[in-house]
Structure formats: structure tokens, C-alpha cells
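Working notes, structure below.
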Amino acid sequence: MCDHAQGMAAAVRGVGAQVVTLPPSDRETIELGRAHTSGKECYPLVLTVGDFVKLTRRPGFDPAASALLMPSSNGPCRFGQYGRYLRLVTKRLGLHELDVVSLDQTGGMYQALDEAGRRVGSDDSLFMRVWRSIAGIDLLQKALYQTRPRETSAGAADAAYQTALDDLVKALESGGDLVRVMKTARDRFEVATDRGVPAGAKPLVGLVGEIYVRQNSCANEEVIRRLEALGAEVVAPPFIEWVFYVGYVNAMRAGRRGDWRGWLKNKGFAWLQNRELKKLARPWRGFFHQGAVDPPVKGVVAAGEQFLHRSFQGEAILSLGKGVEFFHHRASGLVNIMPFTCMPGMVVGGLIQDFRKTCSGLPALNLSFDGQSQTNTQARLEAFMYQVQSFRERPGKVRGGGGRSVPRPGQGH
């Protein structure tokens, strides 16, 4: 899916388990995924199936000694059915000995990871190891997106990022000092940054939408690099935003049930997550123009509630709330990306005009992807960037919300 998978795999290898990541998605992934789906499924499932099938074709792959890890969930999103569908695919392929392990993110996943760690002799929490890997890669990607539009030479930012990612993976495997890795990574990005290009020299474009397509560069057809090539600096939500949101929803549900033990447990997890995140973010102090740690998810939900009630759970309210946050942070445009027919993405698309009115007419572009590589995407991006530049130069913009109350992100996850 994305580089975060490399970090998670390294964290699990660090406790003695044998883990490999899926090969990067490519045209073969799409072709294999299409061959093993009916055409009615969402695009992330097509790519997930294609990547897993491609893995099983690797030389030496032993289904009897392997298992596929596929997280799960509940609710209206088809993500909760991925594990079941993969079991059907493996049976059709004759891989009857290949198991598919599904961990439900809405409950029990943290404990299941820690139990798996204890089984292989780990004294440390496996979940917290995985969490540190995700948070660390989020910081590296944030540095990459800030540095690449103002790099000293072509490829300097990518080189700094890849070296830092390799260092982080090695440290996760060996139990090394992750804070030191962050310090060294910052030094590399400092060297790669052209100080002659000031902050704000290029228009800021916020990127929101469905997390899989947003994170998978094959799925979104390199939309971030394409926007950068058209003169933008892109800012995107971190992966950990979704993890924080899952904890937020679980705590909210526990409170409604009167399950105060469950509520306290989720609040405790959030406190631990914040503590580890701040440790990793400390070496970056002063580097990021808008801070190393994003505003709390509670505030993002509050910002999105003027368009959707928080009971309408999922990525839609996060996308709208994050869009408001980006607007407050001087963004001059917003891109909402989604798989074709994705319900949360379509909800955001349906509310985008209300969002624009609230945010002083901020240019917004909805992009859906299904693997067909539509020829008009580049033209739409070019037209959008023209609107972004015009909005940026327009005097008298009201960043407070164009006459309506726009809540700023609050405190506490």
C-alpha cells in the first residue's frame, strides 16, 4: 500500500517474527486484481487482491508456511469484507493451506498485536512498536512534501527521504534509537532544502480523501508529484490521523454504552500514542512551517461537524474537517481523491460546494480513480492550479470562514 507497511513489517521483525511486505502496486497489480474480481468491487480491493496474488507468484512462496494479514473493520465501507474475499480468492487459486488473518480495527486489534508479540518472546508492546513506525514515517513524509518543492537540486529530497526510511527500518528491526534516527533525518532534509526559497513561495494545496488511494502512489497516479510539477506545495493528513480517529470513535461508542472501562482504555491508548509521537517529533522542532504534530483529531471532527454530524462516522467528516484546517493554515486549494464509487468520497463531493462557501470560495477538485488512467486528469489538474494561483493572489480573503463560524481544531485527541 505505502511505505508505512515497510515500517510496520520491520517493527514486527524486531520481535523475532518473519514478515515481508507486499510488492509495490503497478500495472501488473491492476491486471491481476481485475482478473480476480467481478468489476463491482471498489478500487482498493482490486489493488489489494492484485498485490496478494502477485505475492503468491514469487519464486519460493510456500502457502503452507505463510499467512496473509488483512485488517478489517465494520460499518458501511466494503473494507470489512476484504479478508473474506481474499479467502475466496485463495481457494480459487488452490492455495487451501494459505491462511488469511484479519484483525478488526474497531476492537481488539491492539491486544491481538501485543499477544502476538508475547508469543514470540517480546517484552515490549508490539502495538507500540508498530505505532512508532507509523508515526516516524509520517514525519519523514511530511518533511519530504515540505522539502521537495524547495530542494537544492532535483532528487535531493527523495534521496534524503529514502536514506532516512532505510535508517528507520533498520532501527525498528534492531531496537535502535528512533529519536536519533529522526535527528539524523532532519539534518539530511536541512541539507536538501534551498534556503533561498522561503516558506509560502509556492501555493499550498491540501490533499484529503480515502486513505488507501491517498497513500498509494500507483492508485492515485502520482497526484502529489503532478501537483508539485505544476507549482504547488502539497500537504496531506498523516496516516496516524486515522488511528487516532478509530480510538476516538471507540471511546465515543464505549461512553454511549456506559462502558467506562472501555472508554478509559481507549483514552489511555490515545495518551500513550501522543506521548510516543511527541518523543519522535521533538527533533523536528522548528523545521516544519506548521508544526511537526498535526492538530488533534477531536478538533478535526469539530471542524467537519458543520457539514456532517459526528455520528456519520468515517473518512467523510475527517476530509471536510481537515479541509477547514488546511484553509486556516493558508491553503489555496483542496483536492479530494477517492476510489470510483466510494461512498465517503462521494459524500464529500456532494458537500464540496458548501465547504467552498464556508471557506471563502477555496478552489476544490474531486478526483476519482479506478485504474483506467483517464486522459483528462492532467487537464483538470492544470485548470485547478490556475484557480489556486488566482485564489492565492485574490485580496480580501476571509480565513475565518466567509461569514460562517469555522471552528478551529481543539485540544486533546
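Some notes on this structure:
- Residue-normalised accessible area of the stretch 251-373, expressed per residue, 1.4 Å probe, Å²: 42
- Reach of Lys40 by Cα under 17 Å, taken over aspartates and glutamates that are not fewer than 8 positions away in the same chain: Glu31, Asp370
- Nearest-10 value in Å² for the accessible area of Ser38, using the 1.4 Å probe: 80
- Helix-only [θ]222 nm of the chain, DSSP H runs n ≥ 4, -39500 (n - 2.57) each, per residue, nearest 500: -17000 deg cm²/dmol
- Asp26-Ala229 pseudo-label distance in nm [points 7 Å out on the Cα-to-Cβ vector]: 1.9
- Under the simplified labelling scheme, the Glu115-Lys40 pair shows an inter-label distance of 3.4 nm, with each label point 7 Å from Cα along Cα→Cβ.
- Efficiency of FRET from Cβ geometry, Ala64 and Val197, R₀ 45 Å, rounded to 0.05: 0.25
- Average accessible surface for the stretch 1-61: 45 Å² per residue, computed with a 1.4 Å probe over protein heavy atoms with every protein chain in place.
- In this Cβ point-charge picture (+1 for Lys and Arg, -1 for Asp and Glu), the stretch 4-98 has a dipole of about 220 debye about its Cα centre.
- Trypsin sites (Lys or Arg not before Pro) within the stretch 135-200, DSSP loop, no more than 15 other Cβ atoms inside 10 Å: Arg195
- Unsatisfied cross-links (Cα-Cα over 30 Å) in the set Lys170/Lys202; Lys142/Lys170; Lys91/Lys142; Lys202/Lys322; Lys54/Lys279: Lys170/Lys202; Lys91/Lys142; Lys54/Lys279
- Residue among Ser25, Ser153, Ser125 with the largest mean-square fluctuation in a Gaussian network model of the chain, springs linking Cα atoms under 10 Å: Ser153
- The distance linking the stretch 1-36 with the stretch 343-387 is 29 Å (Cα centroid to Cα centroid, whole angstrom).
- Heavy atoms of Thr152: accessible area, 1.4 Å probe, square angstrom to 10: 80
- Sulfur and carbon atoms: percent of accessible area, the chain [1.4 Å]: 53
- Exposure check, 1.4 Å probe, all protein chains in place: Lys298 carries approximately 110 Å² of accessible surface.
- Within the chain, longest stretch clear of exposed GluC sites (Glu not before Pro) (DSSP loop, no more than 14 other Cβ within 10 Å): 223-413
- Simple spin-label estimate for Glu222 and Val19 in nanometres, 7 Å along Cα-Cβ: 3.0
- Gain on full extension, evaluated as 0.36 nm per residue between His96 and Arg253 minus their Cα-Cα distance, stands at 52.8 nm.
- Neighbourhood net charge (12 Å Cβ-Cβ; Lys/Arg +1, Asp/Glu -1) for Gln290: -1
- Sites matching chymotrypsin sites (Phe, Trp or Tyr not before Pro) across the stretch 1-86 that sit in DSSP coil, with at most 13 neighbouring C-beta atoms within 10 Å: Phe61
The values are calculated or read from the model by the stated rules, or taken from the named source; none is laboratory data. As the structure is a computational prediction, the values presented were derived from the model and not from experiment. Note that we place each Cβ from the backbone using ideal geometry, even for glycine, and neighbour counts take in every protein chain shown. Side chains included, ligands, DNA and RNA excluded: accessible areas come from the protein's heavy atoms. Shrake-Rupley method; radii C 1.70, N 1.55, O 1.52, S 1.80 Å.
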